[in-house]
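Student: One structure is given below, represented as structure tokens, and several questions about it will come after.
The values are calculated or read from the model by the stated rules, or taken from the named source; none is laboratory data. Bear in mind that the values here come from a model prediction, so they are computed numbers and not experimental data. Reconstructed Cβ throughout: ideal geometry from the backbone, glycine too, with neighbour counts over all protein chains shown. Remember, those area values only see protein heavy atoms, side chains included, never the ligands or the DNA or RNA. Shrake-Rupley method; radii C 1.70, N 1.55, O 1.52, S 1.80 Å.
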Amino acid sequence: MTDPEPGPTSAPPAAAQPRARSRLACYVSLTRLDKPIGIALLLWPTLDALWIAARGWPGARLAAIFCLGTVLMRSAGCAINDVADRRFDAHVERTAGRVLARGEIASSEAIAVAVVLAACAALTLPLLAPATFPLALAAVLIAVSYPYCKRFFPLPQAYLGIAFSFGIPMAFAAVLGHVPVAGWLLLLANLFWVVAYDTEYAMVDRRDDMRIGIRSSAILFGQADVLAVASCYAIYLGMLAALARSQGLGWCFALGWTAALASAIVHLGWIRDRDPQQCFRAFRHNHWLGLSIFAGIVGDYAWR
């Protein structure tokens, strides 16, 4: 049973109402800087590519540029996503508290925040090889268009996989001046990982998404969702193993890869019953899967 909607005279007195959040707190919430899991999921594969392209430590300058660029562009992407989804988020339990859904800031203000962050990220491009410029432009276009593809594309997680993987060719281009076949294969492998963990994420919202007409892989896969996640993990890890062999990575990488495999198996156990809390737990735990792969790559080159 729900409470009746309060009338105009039933609101609590001003002193009893919660204090509005400061503008800074609103911006932090808008850009998810208080929830850095998305930064980690973007950063680990980008750093994987940077280390593989450089065959070891890429230097402090490149590492800092890509870390900063990842934070800035992920934050800008969150702001744009919330502008696009502001009318949907209010009807989804998990997202109803977002600042745009609650009307704490205006859409124009959120767009301004996104533009400023993207402009700051663009300032780092002259410090990189010219080959990164068209890739950066493509990454921005994909990131901006992603929120809208959920309206009609039945597998938006695949589109997100491209957006979340574009740091990989950019890293190769920054180091080598071009993107070799290995860079594009690593992007493709990472796409399957994104589909796996974002399907776990979509399983949390499946009921609300079906009610309001948003597309997702969890809806598309239906009762085959766990099998689909398992298949995506298997393809991702299989492609990584093949790429590692082609790059001459050895036992240190194998240890990291094994830890990542163990994480994937744990995730499948958590999502098996499709409990939303456990699905969200599995999604968040992918940070450790990505870190395991990165640690294996770093350790392997350091051992040499």
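Student: Looking only at the stretch 93-113, filter to residues that are within 20 Å of the chain's Cα centre (by Cα) and assigned to a helix (DSSP H, G or I); which one of those is nearest to P276 (Cα to Cα)?
Tutor: Selected residue: A110.
Student: Residue check: is S263 among the polar types (S, T, N, Q) and surrounded by 17 or more Cβ atoms within 10 Å (Cβ to Cβ)? Lay out the reasoning, then the answer.
Tutor: Working: among the polar types (S, T, N, Q): yes; surrounded by 17 or more Cβ atoms within 10 Å (Cβ to Cβ): yes.
Judged against the criteria, S263 is a match.
Student: Condition first: open to solvent by 20 Å² or more (accessible area, probe 1.4 Å) and either over 16 Å from the mean Cα position of the chain (by Cα) or in contact (Cβ under 8 Å) with a residue 60 or more places away in the chain (or both). Now tell me which residues in the stretch 185-207 satisfy that.
Tutor: Correct list: L185, Y201, V204, R206, R207.
Student: Would you check which residues across the stretch 90-131 are polar (S, T, N, Q) and either surrounded by 15 or more Cβ atoms within 10 Å (Cβ to Cβ) or closer than 30 Å to G177 by Cα (or both) and list them?
Tutor: Within the stretch 90-131, T95, T124 meet the criteria.
Student: Same structure, new question: Residues of the stretch 192-202 being more than 13 Å from L41 (Cβ to Cβ) and modelled with pLDDT of 95 or more, which ones? Give the steps one after another, and end with the answer.
Tutor: If we filter the stretch 192-202 for residues that are more than 13 Å from L41 (Cβ to Cβ), which is where we start, we get 192, 199, 202.
Matches in the stretch 192-202: F192, T199.
Student: Okay, next question. Could you list all residues from the stretch 242-260 that are farther than 20 Å from L50 by Cβ and either within 22 Å of the chain's Cα centre (by Cα) or open to solvent by less than 40 Å² (accessible area, probe 1.4 Å) (or both)?
Tutor: A259
Student: Across the stretch 170-184, what is the total count of residues that are within 19 Å of the chain's Cα centre (by Cα) and open to solvent by 10 Å² or more (accessible area, probe 1.4 Å)?
Tutor: Residues flagged as within 19 Å of the chain's Cα centre (by Cα) and open to solvent by 10 Å² or more (accessible area, probe 1.4 Å) within the stretch 170-184 amount to 2.
Student: Just give me the residues in the stretch 72-89 being open to solvent by 50 Å² or more (accessible area, probe 1.4 Å) and either of a type in the set (V, I, T) or more than 20 Å from the chain's Cα centre (by Cα) (or both), in sequence order.
Tutor: The first filter runs over the stretch 72-89 and keeps only residues open to solvent by 50 Å² or more (accessible area, probe 1.4 Å), leaving 73, 86-88.
R87 - this is the single residue of the stretch 72-89 that is open to solvent by 50 Å² or more (accessible area, probe 1.4 Å) and either of a type in the set (V, I, T) or more than 20 Å from the chain's Cα centre (by Cα) (or both).
Student: Still on this model: Working only within the stretch 208-233, note down all residues that are in contact (Cβ under 8 Å) with a residue 12 or more places away in the chain, hydrophobic (A, V, I, L, M, F, W, C), part of a helix (DSSP H, G or I) and within 20 Å of G161 (Cβ to Cβ).
Tutor: A218, I219, L220, F221, V226, A228, V229, A230, C232 - these are the residues of the stretch 208-233 that are in contact (Cβ under 8 Å) with a residue 12 or more places away in the chain, hydrophobic (A, V, I, L, M, F, W, C), part of a helix (DSSP H, G or I) and within 20 Å of G161 (Cβ to Cβ).
Student: So which residues in the stretch 146-169 are open to solvent by 30 Å² or more (accessible area, probe 1.4 Å), under 22 Å from L135 (Cβ atoms) and aliphatic (A, V, I, L, M)?
Tutor: Matches in the stretch 146-169: I162 only.
Student: Only one of D48, D82, D89 is of a type outside the set (K, R) and at pLDDT 95 or above; which?
Tutor: Details: D82 fails: at pLDDT 95 or above; D89 fails: at pLDDT 95 or above.
Of D48, D82, D89, the one residue that is of a type outside the set (K, R) and at pLDDT 95 or above is D48.
Student: For the stretch 290-299, what are the residues that are without any contact (Cβ under 8 Å) to a residue 60 or more places away in the chain and either under 17 Å from A189 (Cα atoms) or open to solvent by 50 Å² or more (accessible area, probe 1.4 Å) (or both)? Step through it out loud before you land on a result.
Tutor: Just the residues of the stretch 290-299 that are without any contact (Cβ under 8 Å) to a residue 60 or more places away in the chain, to begin with: 292, 295-296, 299.
Hits for the stretch 290-299 are S292, A295, G296.
Student: Filter the stretch 114-132 down to the residues that are in a helix (DSSP H, G or I), under 23 Å from the mean Cα position of the chain (by Cα) and under 17 Å from T70 (Cβ atoms) and list them by number.
Tutor: So in the stretch 114-132, the residues in a helix (DSSP H, G or I) come out as 114-122, 125-127, 132.
Keeping just the survivors that are under 23 Å from the mean Cα position of the chain (by Cα) gives 114-122, 125, 132.
Once the filter is applied, which keeps residues that are in a helix (DSSP H, G or I), under 23 Å from the mean Cα position of the chain (by Cα) and under 17 Å from T70 (Cβ atoms), the stretch 114-132 yields A114, V116, L117, A118, A119, C120, A121, A122, L125, T132.
Student: May I ask you to list the residues in the stretch 261-288 that are touching a residue at least 40 places away in the same chain (Cβ under 8 Å) and either closer than 18 Å to L42 by Cα or among the charged types (D, E, K, R) (or both)?
Tutor: A264, R272, R274, F280, A282, F283, R284, N286, H287
Student: Considering the stretch 45-71 alone, what residues qualify as being buried (at least 18 other Cβ atoms within 10 Å of the Cβ) and in contact with a Ser or Thr (Cβ under 7 Å, 6 or more places away or on another chain)? Before you say what the answer is, go through the steps one by one.
Tutor: Residues of the stretch 45-71 buried (at least 18 other Cβ atoms within 10 Å of the Cβ): 45-54, 58, 62, 65-66, 69-71.
Across the stretch 45-71, the qualifying residues are P45, T46, I65, F66, G69, T70.
Student: Which of the residues spanning the stretch 208-218 are out of contact with any Pro (no Cβ under 9 Å at 6 or more places or on another chain) and surrounded by fewer than 24 Cβ atoms within 10 Å (Cβ to Cβ)?
Tutor: Of all residues in the stretch 208-218, those out of contact with any Pro (no Cβ under 9 Å at 6 or more places or on another chain) come to 208-213, 218.
Listed by number, the residues that qualify are D208, D209, M210, R211, I212, G213.
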